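Before any comments, here is the structure.
The values are calculated or read from the model by the stated rules, or taken from the named source; none is laboratory data. Model, not experiment: these values are computed from the prediction. We place every Cβ from the backbone using ideal geometry, glycine too, and count neighbours over all the protein chains shown.
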Amino acid sequence: MRVSAQTAAIQDSILDAIGSTPLVRLSRIEPSLRPQLLAKVEMLNPGGSIKDRIAVAMIDAAERDGRLRPGSTIVEPTSGNTGAALAIAARLRGYRVIAVMPDKISREKINLLRAFGAEVVVAPTDVAPESPESYYSVAERLAIEIPGAFRPNQYSNPANADAHYATTGPEIWEQTAGTITHLVVGVGTGGTITGTGRFLREQKPSIEVIGADPTGSIFTAPTPQDVHGYLIEGVGEDFWPETFDPTVVDRYVTVSDRDAFLTTRRLALSEGILAGGSGGMATWAALEVARAIDDRTAVVVVILPDGGRSYLSKVYNDAWMTEYGFLARSGEPTVGEVLRRRTAGGGVPALVAVHSQQRVRDAVALLHEHRVSQLPVVSEHDAEAIIGSVAERGLLAHAVSDASLLDARIVDVMEAPLPAIGSEDPVSAAVELLVGERQALIVLDDGRPAGIVSRADLLEALAR
């Protein structure tokens, strides 16, 4: 039978459409750059992200090894993209998927996984990786409890980096005709930068491999105490994954939430590429790299891991960006100015907090020492993760009914967290949030708690 060229181009399944994503020149976001800046657009994989590549590779390897059999359940901790990729492949091959996700993940990602038939379990972000509540631990427990379950574990599975060595690296080499001089990749599990960087360096040892990392991630934190939460999804870690070979990375560029998200939006407006926040982070790092290169023959390639449709309620939402202090409002004094004025004398700390496992007596002492009526409660494991609040009035109410209150843990008596406002928001927006019994607000700067302003602070600012 004669087969036409058109018939030969038909794929057997959507899995056969994974890879061969385009390399696009970014010539408009910063026209003054001397080197070429090229973006590998991974959102054009069927599942919408670079994780499609590793999902199929991990399933293939498990089937070869006999770890996956008909009817098996796949359990994986994921920030969303790996879960979606596994769900697609599992549906076609007859497996059940349970995705365990941290609670900072966008609602769109959760809905997407459910649309592909995955079961989603949400676990708290503000706990240590070894905590039984962490999404790593929950996934591990489910994999043990469910008969015949398989956990691909993208953080330790060699098929992760191997997939990029076999596909992503060769594609970039071929698409640039070997002219690539710099590779910029966000580091999460480390599989992409390890596999892609290793292949490209074998072809051209002079290639410089740069890791883009969120501020607060373990990869670039100066000390363990500097590891803290951040809002960018899918990159950075608070532990070192086994899939990551740090010797592949020549240097890192650390990127704040603010720079990542604003660059993400610039990418959409200037290049028409609706990327995710991690893509904006990698682009910001690539721009930093490219600005320092005074060579028109240099070729900087940045990998954009996923698309922005899963972040429409976050990065592309003005209200969300403003709430976290990433977008400024003009024309009025800002909340940040009020906070700076309150602490200018040096006698009052900008942020006084207690952690969840301290005793009530500690909170009472702080309330009296600093003459404040409310305190935020932070996670024992992350001093920037606010999980609740305690108020002088509430503690008194508890003390009346229970004389042993002073020895209780804060977590047992705390109330809901104080409302949050961005440091660049106007005072009028803060006043609108202080309704009813609310007396104070958490001020967020670049998405992180910077201090507290009270109703009295705001009224004083308005009076001035």
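Filtering the range 219-230 for residues that are touching a strand residue (DSSP E or B) at 6+ places or on another chain (Cβ under 7 Å), aliphatic (A, V, I, L, M) and not in a strand (DSSP E or B) leaves an empty set. Please determine whether any residue of the range 401-411 is among the hydrophobic types (A, V, I, L, M, F, W, C), in contact (Cβ under 8 Å) with a residue 40 or more places away in the chain, surrounded by 18 or more Cβ atoms within 10 Å (Cβ to Cβ) and in the same structural domain as A344 (by TED's automatic domain parsing). Checked against the condition, which is being among the hydrophobic types (A, V, I, L, M, F, W, C), in contact (Cβ under 8 Å) with a residue 40 or more places away in the chain, surrounded by 18 or more Cβ atoms within 10 Å (Cβ to Cβ) and in the same structural domain as A344 (by TED's automatic domain parsing), the range 401-411 yields at least one hit.
Pairs are defined by a Cβ separation below 8 Å, a sequence spacing of at least 6 or placement on different chains, a first member in the range 439-464 that is closer than 16 Å to Y324 by Cβ and in contact (Cβ under 8 Å) with a residue 24 or more places away in the chain, and a second member that is outside any strand (DSSP E or B) and among the polar types (S, T, N, Q); the pairs so defined are V443/S423; L444/S423; D445/S423; D446/S256; A450/S423; G451/T343.
Within the bounds of the range 225-233, is there any residue that is among the aromatic types (F, W, Y) and in contact with a helix residue (DSSP H, G or I) (Cβ under 8 Å, 6 or more places away or on another chain)? Looking through the range 225-233, at least one residue is among the aromatic types (F, W, Y) and in contact with a helix residue (DSSP H, G or I) (Cβ under 8 Å, 6 or more places away or on another chain).
The strands (runs of 3 or more DSSP E) located wholly in the range 33-122 include none with 2 or more residues which are surrounded by fewer than 17 Cβ atoms within 10 Å (Cβ to Cβ). Cβ separations smaller than 6 Å between residues 6+ apart or across chains give the following pairs from the range 219-248 residues that are in the same structural domain as V187 (by TED's automatic domain parsing) and free of Cβ contacts under 8 Å to residues at least 60 places away in the same chain to residues that are surrounded by fewer than 21 Cβ atoms within 10 Å (Cβ to Cβ) and among the basic types (K, R): V248/R198. Taken over the range 368-384, the residue count meeting the criterion of being among the hydrophobic types (A, V, I, L, M, F, W, C) and modelled with pLDDT of 80 or more is 3.
Looking across the range 382-396, the residues that are surrounded by 17 or more Cβ atoms within 10 Å (Cβ to Cβ) and aliphatic (A, V, I, L, M) come down to A385, I386, I387, V390, A391, L395. Set side by side, the residues L267, L231, L287, L312 differ, and just one is crowded, with 19+ Cβ neighbours inside 10 Å, within 20 Å of T78 (Cα to Cα) and among the hydrophobic types (A, V, I, L, M, F, W, C), which is L231.
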